[in-house]
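Worksheet: the structure to be examined is printed underneath.
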Amino acid sequence: MKHKKGIQKGMFTCFRILSYFIAAVLFYILGFIIVKGISVINWDFLTQAPTDGMTKGGILPAIVGTFYLMIGSAVFSFPVGVMSGIYMNEYAPKGKMVNFIRTMTNNLAGIPSIVFGLFGMAFFVNYLDFGDSIIAGSLTLGLLALPIVIRTTEEAFKDIPNSYREGSLALGATKAQTIWKVLLPMAMPRIITGLILSLGRVSGETAPILFTCAAYFLPKLPESIFDQCMALPYHLYVIATSGTDIEAQTPIAYGTAFVLIVIVLIMNLLANNIRKYFENKLKSK
């Protein structure tokens, strides 16, 4: 008995050390980026376009382009992903077909992002003739986020007890009314959290936008969804690897990385706050 307790205590200690190590690595990376990038963060850096071969100026077009792509991907992935998740859990007959769809969804989530980029270039850019544009990049990133939204929605509905469905149907509500009025509000905290976390992921993707919309240097804001745009991850890649003056651009690269990390952090905090808001709203009802 003492031997088993000793093994258990040793395993817990090992897990605790690994957890502290992971946290230390995370804080080290964040601290490194903050220390290197905070020196270039100012109002001009956040509100001006790059100048002098991207060795001076700011990153406003890249910030705006990143938000455009995030919003565009959400407009596509959220309704399609939520409706797909609802269908798989509430309407589709349980069996091999649902298991097959679920397996394909999981496989889609594991496909490298560069494959999504090649597909987006072949289908959205060339076949649909959108060209290198915000809409092509948004749809490609939407496909990347889609599996996360589908699985989050399905799991959120799956965890709701059947008694809520049975009670609503017993009171005369239709299946659609039950989903819309009863189940969806209960699942919404997790659905919104999954959506925002998926947006946090797509905000840092470089490969999909490399083939579909990202501009090497475009010191102006896009005027329509059919324009190219700059984006923070690709801008960071460009100034860190193929700039005209690496020494002058290195601080800008760290500053860009700092801004990108802040955006992802804000997205995660927003997801937590929205989840808590919906949870409190449900409790009040």
GluC sites (Glu not before Pro) in the range 181-285 lying in a DSSP loop, each with at most 12 other Cβ atoms within 10 Å of its Cβ, come to E223
The answer for K56, listing residues at least 5 apart or on another chain whose modeled amide H is closer than 5 Å to its amide H, is T51
Between the alpha carbon centres of the range 130-157 and the range 168-219 the gap in Å comes to 8 Å
Using alpha carbon centers only, the range 1-53 is separated from the range 80-102 by a whole-angstrom value of 37 Å
Stokes-Einstein, Kirkwood over Cα pairs, the range 154-274, 37 °C, 0.692 mPa s; D in µm²/s equals 184 µm²/s
With a 1.4 angstrom probe the carbon and sulfur portion of accessible area for the chain, in percent, totals 68 percent
The size of the Cβ-based charge dipole (Lys, Arg +1; Asp, Glu -1) of the chain about the Cα centre, to the nearest 20 debye, is 1980 debye
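Which of the trypsin sites (Lys or Arg not before Pro) found in the range 44-123 are in a DSSP loop and have at most 10 neighbouring Cβ atoms, other than their own, within 10 Å? Walk me through the intermediate numbers first.
Working: sites: K56, K94, K96, R102; in loops: K94.
The qualifying sites are K94.
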Heavy-atom accessible area with a 1.4 angstrom probe orders Y164, Y28, most exposed first, as Y28, Y164
Hits for the chain under the membrane-span-like helix rule (DSSP H, Cα axial span at least 18 Å, Kyte-Doolittle mean at least -0.5) are 2-37, 60-86, 96-110, 134-158, 184-202, 246-284
By the mean-Cβ-within-10 Å protection proxy, highest first, 9-21, 258-270, 166-178, 66-78 rank as 66-78, 258-270, 166-178, 9-21
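The values are calculated or read from the model by the stated rules, or taken from the named source; none is laboratory data. Quick caveat, the model's predicted, so the values are computed rather than measured. Don't worry about glycine lacking a Cβ; one is built from the backbone with ideal geometry, like all the others, and counts go over all protein chains shown. Calculation scope for accessible area: heavy atoms of the full protein, side chains included, ligands and nucleic acids excluded. Shrake-Rupley method; radii C 1.70, N 1.55, O 1.52, S 1.80 Å.
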